[in-house]
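Visitor: Below: one structure in C-alpha cells.
The values are calculated or read from the model by the stated rules, or taken from the named source; none is laboratory data. It should be emphasised that the depicted structure is a prediction, and the values quoted were computed from it without experimental measurement. Glycine also receives a Cβ, built like all others from the backbone with ideal geometry; neighbour counts cover every protein chain displayed.
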C-alpha cells in the first residue's frame with residue numbers, strides 16, 4: 001500500500017531505504033511483518049538493478065555445481081574474497097532463483113523447459129539465467145514491484161531521500177528525510193530502531209558510468225557519518241564496454257555479448273585482448289577494462305564487434321543493446337560498437353556480517369551499498385544480483401528472529417540548513433573521480449582528489465553534495481592508502497600485487513585523517529609516502 005508522507009511518523013519498526021532488488025526482496029521476505037520502503041524515485045525506477053542486462057549467476061544446470069561457482073568467484077576476486085561467503089552465496093543461489101520464479105520473474109527456458117543458462121567472463125560454466133537475453137534487471141524489478149504493491153504489509157513512500165541516520169549510544173534511532181528534488185524543503189524526521197539500507201552503488205560519482213543518477217553513494221555516506229565501518233571502498237569495477245554515444249549514463253553492451261562470441265577490436269580493426277590475457281575478451285573485467293582503456297588512451301579507440309558472432313540475430317538475442325545502438329544511429333549487426341570503460345559496480349561498501357548486520361546496532365545493509373566479502377577486489381560477472389537477493393533474504397530472517405525495541409520518541413531535531421544543489425560543483429567532482437580515481441590511478445592524482453573531496457565536504461552548504469563528497473573521499477583515501485594493484489584497483493606507480501592480500505576496513509574519521517595529513521604535506525611539502 002502507498003501512504004502519504006504525513007503518515008510516515010507512525011511507521012512500523014522496520015524501515016528499508018531503497019527500492020531496488022535488495023530492498024524489495026527484503027520487504028517481501030519480511031511479510032507479513034509491517035515494513036516501510038522509502039525510495040527517492042518511483043518504485044522500480046532509479047535502481048541499478050533495473051539496468052542489469054547480464055542476469056543472475058546460479059549453478060542450476062546439469063554438470064555445474066555450487067562448488068565450481070564459488071571457486072570461480074574466489075578466483076576472480078584477486079585474493080580478497082571471503083571463501084565462506086562465496087560458498088554460502090553459491091549454495092543459496094538455486095533457492096533464491098526459485099523465490100524469484102514464484103514472484104513471477106519469467107526467466108528464459110530451453111526447449112525442454114529447463115532454465116536457459118549463458119556464460120560470461122571468468123565463469124567456468126554456463127550458469128547465468130537471463131530474461132529475453134538482456135532484460136533480466138527490468139523483468140525482475142517489474143515482477144517484484146507488482147508483488148510489493150500487492151502485499152498489504154508493505155508501505156511504500158516515494159519521492160523522499162534519506163539524508164542522515166540518527167543514532168544514540170551506537171544504535172540507530174531514526175532517519176532524516178527530505179523531498180527529492182527540493183533541497184530547501186523542510187526535512188521529515190522518523191523514528192526507527194531497525195533500518196535496512198539498500199540504496200545502491202556509487203557509479204554516478206563518476207563522469208562516465210552505466211549507473212542511474214540515483215547511484216551517488218548516498219547510503220554509504222550516511223552510514224559512514226553514523227560511524228559505520230566501511231570495507232574495501234577503493235575497489236570500483238569499470239565495465240569494459242559502455243557504449244560511447246554521448247549519453248549520461250552511458251548505455252551498456254552486456255558482457256553476455258562477448259560470451260556469445262563478440263570480440264574487441266581497435267580502430268585499425270585489430271583484436272587486442274589476445275595479447276593481454278589468455279582468455280582474451282573473456283578475461284576478468286578489470287583486465288579487459290584496462291585493455292580497452294589503453295586503446296582509447298592511445299587514440300586508436302575500442303569497438304565491440306558482433307558482426308560475425310551474431311549478425312542478423314543481434315536484435316532478437318540482445319534487444320536492449322540493439323535498441324540503444326539504433327537510437328544512436330549504429331547498426332550493431334553491420335558495424336562495430338564504440339565502447340569505453342565506465343564506472344559500473346562498487347565492490348566496497350558498508351561492512352556487514354553473514355546476516356547483513358553493520359557495525360552500527362539496528363542497521364543492516366544489502367545489495368551494492370554493502371560489502372559482504374563476496375566480491376573481493378573484482379566482482380565475478382552476474383554475482384551482484386545474486387548477492388542482493390541472498391543477503392536480503394538473510395536480513396529478513398535475522399530481523400524476524402530479533403526483538404526490535406519500539407521506536408523511541410525523538411527529541412525535536414534542529415533543522416539543518418541546506419542550499420540549492422550546486423550542479424557545477426557536482427559535475428567537477430564527477431570529472432575528478434573519473435580522471436583521478438578511475439581505471440588507472442597514481443599517488444599524485446589520488447592525493448589531489450583526497451584533498452579536494454575533503455574540502456568540498458567541509459565547505460559545501462548542500463547536504464546532497466556533502467554526501468557525494470564523503471563517499472568520494474572514502475574511495476579516494478582508501479585508494480591512496482593501498483600501495484599495490486589488485487583487481488579493480490590499479491596504480492601505475494605500484495603496478496604489482498603485494499604478497500600480503502588484505503582487505504580494507506576503514507571509517508570516515510580515518511579518511512579525514514588521511515586528508516588532513518595530505519593537506520599538511522601540501523602546506524609543508526615532503527615526499528608523499530603512498
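Visitor: As an exercise: evaluate residue 503 against (1) closer than 21 Å to residue 219 by Cβ; (2) within 19 Å of the chain's Cα centre (by Cα); (3) in a helix (DSSP H, G or I) and give the number of the one condition it does not meet.
Guide: (3)
Visitor: May I pose another question? Which residues, counting only those in region 92-123, are in a loop (DSSP other than H, G, I, E, B) and over 19 Å from residue 387 (Cα atoms)?
Guide: Answer for region 92-123, where residues must be in a loop (DSSP other than H, G, I, E, B) and over 19 Å from residue 387 (Cα atoms): 104, 106, 108, 110, 111, 112, 113, 114, 116.
Visitor: While we're looking at this one, here's another question. With the condition kept exactly as written, say whether any residue in region 211-224 is surrounded by fewer than 24 Cβ atoms within 10 Å (Cβ to Cβ), assigned to a loop (DSSP other than H, G, I, E, B) and touching a strand residue (DSSP E or B) at 6+ places or on another chain (Cβ under 7 Å).
Guide: So far as region 211-224 goes, no, none of its residues is surrounded by fewer than 24 Cβ atoms within 10 Å (Cβ to Cβ), assigned to a loop (DSSP other than H, G, I, E, B) and touching a strand residue (DSSP E or B) at 6+ places or on another chain (Cβ under 7 Å).
Visitor: Quick one: in region 26-48, of everything that is in contact with a helix residue (DSSP H, G or I) (Cβ under 6 Å, 6 or more places away or on another chain) and within 22 Å of residue 464 (Cβ to Cβ), which residue is modelled with the highest pLDDT?
Guide: Selected residue: 37.
Visitor: On the basis of being surrounded by 24 or more Cβ atoms within 10 Å (Cβ to Cβ) and at pLDDT 95 or above, does residue 229 make the cut?
Guide: no
Visitor: Quick check on residue 183: is it at pLDDT below 95 and assigned to a loop (DSSP other than H, G, I, E, B)?
Guide: It is true that residue 183 is at pLDDT below 95 and assigned to a loop (DSSP other than H, G, I, E, B).
Visitor: Sticking with this structure for a sec: May I ask you to list the residues in region 1-25 that are part of a helix (DSSP H, G or I), touching a strand residue (DSSP E or B) at 6+ places or on another chain (Cβ under 6 Å) and modelled with pLDDT of 95 or more?
Guide: 23, the sole residue that qualifies.
Residue by residue, here is whether (1) more than 22 Å from residue 215 (Cβ to Cβ); (2) modelled with pLDDT under 95; (3) touching a helix residue (DSSP H, G or I) at 6+ places or on another chain (Cβ under 9 Å) holds:
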| residue | (1), (2), (3) |
| --- | --- |
| 233 | no, no, yes |
| 239 | no, yes, yes |
| 262 | yes, no, yes |
| 266 | yes, no, yes |
